[in-house]
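Remarks on the structure that follows.
The values are calculated or read from the model by the stated rules, or taken from the named source; none is laboratory data. The structure presented is a predicted model; accordingly, all values stated were derived computationally and were not measured. Methodologically, a virtual Cβ is constructed for each residue, glycine included, from the backbone with ideal geometry; neighbour enumeration extends over all protein chains shown.
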Amino acid sequence: MAATSTGTKFKIANKNENMPADTLSQVLNEVVETSLQQLESIWNEIGFAADQRSERCNSVLQHVESLFEDMVQQETDVKDTLIGKITDIKEKLKILSKELSVPVYEPDSKQTMLQCRKDLLHHLETLTKQKHTRMVALKNLIDQEKILCDRTKIPPFQISHSSIPSDDDLAEYEKHIEELTIEQNKRFATFTIIREQIQEVFKQIDDSPSTVFERQALADDEKDFILSSENMTALNNLQIEVIERKAKAEEKLLAMKNRLHVLWQRLETPGETREEFWEKHGTLKQENLKTVNEEILRLEALKHTQMEKVVTSMKRELERWWKVCFTPTELQDECSAFKTEGVFTDEIADALEAEINNLQGFYERHKNLYSQVRQWEEILEEYTVLEKKATDPNRFNNRGGALLQEEKARKRIIKELPKLEANLQELINKWEEEQKLKFSIYGMEFSEYVTQRYKTIQDEREREKEQRQKSRALQMESDMKFGTKPAMTPKKRGARMPITPSMMVVNKTRRRSQSTPRGKAKIIPGVRTPLSATRINTTNMNVTTKSTTPRRKSNRYRPWDKNADRTNKLLHKTIRGGVQKDASFGSTGSYNEFAKTLNSVERMNYRSSIIEPAQSPCPTKSKLTPISQSVSHTPKSKLASAQRMPAHTPMSTRL
């Protein structure tokens, strides 16, 4: 009971409290002292002798020493174990740090063993997790690389699969995987495009894969094709080869088309038959090529049976090519096959065909030059047409904006022709330097040909002018002999004329009878009815007269009233309802009567706007003014735009 009470009595610290060493020593002393006192009391009660007490005291001392030695040894073992564990943890940390390429963790020297062990274990756990993460990432990257490398046959990335990669190694490895992915996608896209093109060409030329590689490239499953560099190169070569096959097929078909076109043209085959044939056999399939070839052979055989038609057609075609290539007459005469008449043999057909092929080939090689010369010819011809229109007075009637369009076209041509001539001359000079040949048009140089064309246009213009002058002279002579109809200017649109002459006043009637309504034409005196002409019988005609009182008549009409019995019915009476026609020399009298009237005394009472009273009663041919000159059909503003250019000068110089 004492021991128990003693044990309970001297317990001064909890397990969560730290007891100082001096306190422990003091407590132990108290415990030992109390225990010894209790032992001594017990021994006294028992009555042990002194030697027995001494023996028992030694036992107590040995027991206490042994107890403390065991306790110290146990704690020493705990310390040694803890030190060993710390050492092991440090070794693991050192290895992991080296593998992970991180600095080795060094604990604080002031820490206790337990604190050091705790920190070391925490860092060891962190590095272990980091190692696991890197190894998992490495494995994933290795798997991705294997798939990409198997598809593209690109060498794998050089990295250890057993060691732990560093962050830099993983970043570089990921970059390599991205590049592999991009390269694979690029190759696959290229493969898809080329594959579709090859399939399309095979479909067009009606062909199928014949080699193992072609079958692999055109297989249904696109993923089975290995996207290696060698296969991509072979695929490009296959594409080039297939395109060459198509080009050869197209070239063959084009040659067959041209040949078939020539045969059709020479045999005068209808256009409907040609179109129907090409609709059925116009593709590059082998079957169609075979059909076209058979058609050519059939027409070749038919050509020999219709040689006359073929030779005639070839001559027409040769003439067309001569015109297209501006071949001079001297070179045309050298073609003996063309000059043959009544002879239709294979030799002549072959010679004509060879000449046509030569001209056609030469034209195709230099088509740009010839097309520009042809363009210049067309523009010059357009200008010639406009020049001819400018001399036609009828173009001012019902024009509907045509004059403005002609003027715009003329300005455009005047602007384009010099530029086109300069560009053509420069192009011809360059062509002559490259070809080491002389470019000629109908045997002349371009500049000489241009000058001749302008001279031809000017000569034609002069001939037309002379022809018009001759026509006017003949018309003048005819008018002087037989009389002429007064020139009438066209009535203005919307002009209102009197419906019946009977409604007009006598004076206005007489004045308007001497000129055309609203016109500028002058009247030749011969158109008035001569005095010797038979008087008009107005007995059965309804006439209207206007009475005029003598006091209101002008003095200049007094002489006229003396002959009223002869002229009043002509001037002061108007036929109503009769058909009005313009008078002429042939309908009113002869030229002698006209001259006699001019020479009479009564003629002095007439007012004439052409011949003065003092003039000779019989004017000469040189004094008469032709109606075509006295009547102006064309306004001056319109004639100003129709001025002629001087001859023998190119358009670029004249402009």
Practice problem: Test LYS436 against the criterion of being of a type outside the set (Val, Ile, Thr), closer than 21 Å to TYR370 by Cβ and surrounded by fewer than 12 Cβ atoms within 10 Å (Cβ to Cβ), and give yes or no. | Solution: yes
Quiz prompt | Residue in segment 380-391 that is exposed (fewer than 13 other Cβ atoms within 10 Å of the Cβ), modelled with pLDDT of 85 or more, within 39 Å of the chain's Cα centre (by Cα) and farther than 18 Å from VAL262 by Cβ present | solution = yes
Quiz item: Are any of the residues in segment 171-189 within 30 Å of GLU230 (Cβ to Cβ), in contact with a Phe, Trp or Tyr (Cβ under 6 Å, 6 or more places away or on another chain) and among the aliphatic types (A, V, I, L, M)?
Solution: no
Quiz item: Somewhere in segment 124-145, is a residue in contact with a Lys or Arg (Cβ under 6 Å, 6 or more places away or on another chain) and either of a type outside the set (A, V, I, L, M, F, W, C) or not in a helix (DSSP H, G or I) (or both)?
Solution: no
Quiz item: Which residue pairs have Cβ atoms under 8 Å apart, sit 6 or more places apart or on different chains, and have a first residue in segment 36-50 that is without any contact (Cβ under 8 Å) to a residue 40 or more places away in the chain and a second that is among the hydroxyl-bearing types (Ser, Thr, Tyr) and surrounded by 12 or more Cβ atoms within 10 Å (Cβ to Cβ)?
Solution: GLN38/THR6
Self-check item: Any pair with Cβ under 6 angstrom, 6 or more apart, that starts in segment 259-281 at a residue that is in contact (Cβ under 8 Å) with a residue 24 or more places away in the chain and ends at one that is in a helix (DSSP H, G or I) and among the charged types (D, E, K, R)
Solution: TRP264/ARG274
Exercise. Inspect segment 69-82 for any residue being surrounded by 14 or more Cβ atoms within 10 Å (Cβ to Cβ) and of a type outside the set (Ser, Thr, Tyr) and give the result as yes or no.
Key: yes
Self-check item: Flag if LEU148 is touching a residue at least 12 places away in the same chain (Cβ under 8 Å), assigned to a helix (DSSP H, G or I) and surrounded by fewer than 17 Cβ atoms within 10 Å (Cβ to Cβ)
Solution: no
Practice problem: Quick one: which residue in VAL310, VAL324 is among the aliphatic types (A, V, I, L, M), surrounded by 18 or more Cβ atoms within 10 Å (Cβ to Cβ) and either out of contact with any strand residue (DSSP E or B) (no Cβ under 6 Å at 6 or more places or on another chain) or within 30 Å of GLN452 (Cβ to Cβ) (or both)? | Solution: VAL310
Practice problem: Taking only segment 87-123 into account, find how many residues are of a type outside the set (Phe, Trp, Tyr) and outside any helix (DSSP H, G or I). | Solution: 11
Exercise. Filter segment 355-367 for residues that are of a type outside the set (D, E, K, R) and either in contact with a strand residue (DSSP E or B) (Cβ under 7 Å, 6 or more places away or on another chain) or loosely packed, with under 12 Cβ neighbours inside 10 Å (or both) and give the result.
Key: GLY361
Self-check item: Single unsatisfied condition, PRO165 versus (1) in a helix (DSSP H, G or I); (2) under 60 Å from the mean Cα position of the chain (by Cα); (3) more than 30 Å from GLU230 (Cβ to Cβ)
Solution: (1)
Self-check item: Matching residues in segment 295-354 - criterion: being among the small types (Gly, Ala, Ser), over 28 Å from LEU253 (Cβ atoms) and part of a helix (DSSP H, G or I)
Solution: SER336, ALA337
Exercise. Could you tell me whether GLN286 is surrounded by fewer than 16 Cβ atoms within 10 Å (Cβ to Cβ), modelled with pLDDT under 85 and closer than 22 Å to ILE205 by Cα?
Key: yes
Quiz item: Looking at LEU36, LEU61, LEU67, which one is of a type in the set (A, V, I, L, M) and touching a Cys at 6+ places or on another chain (Cβ under 9 Å)?
Solution: LEU36
Practice problem: Take the residues in segment 51-90 that are of a type in the set (Val, Ile, Thr) and free of Cβ contacts under 8 Å to residues at least 12 places away in the same chain, then tell me which one is farthest from ASP119 (Cα to Cα). | Solution: VAL72
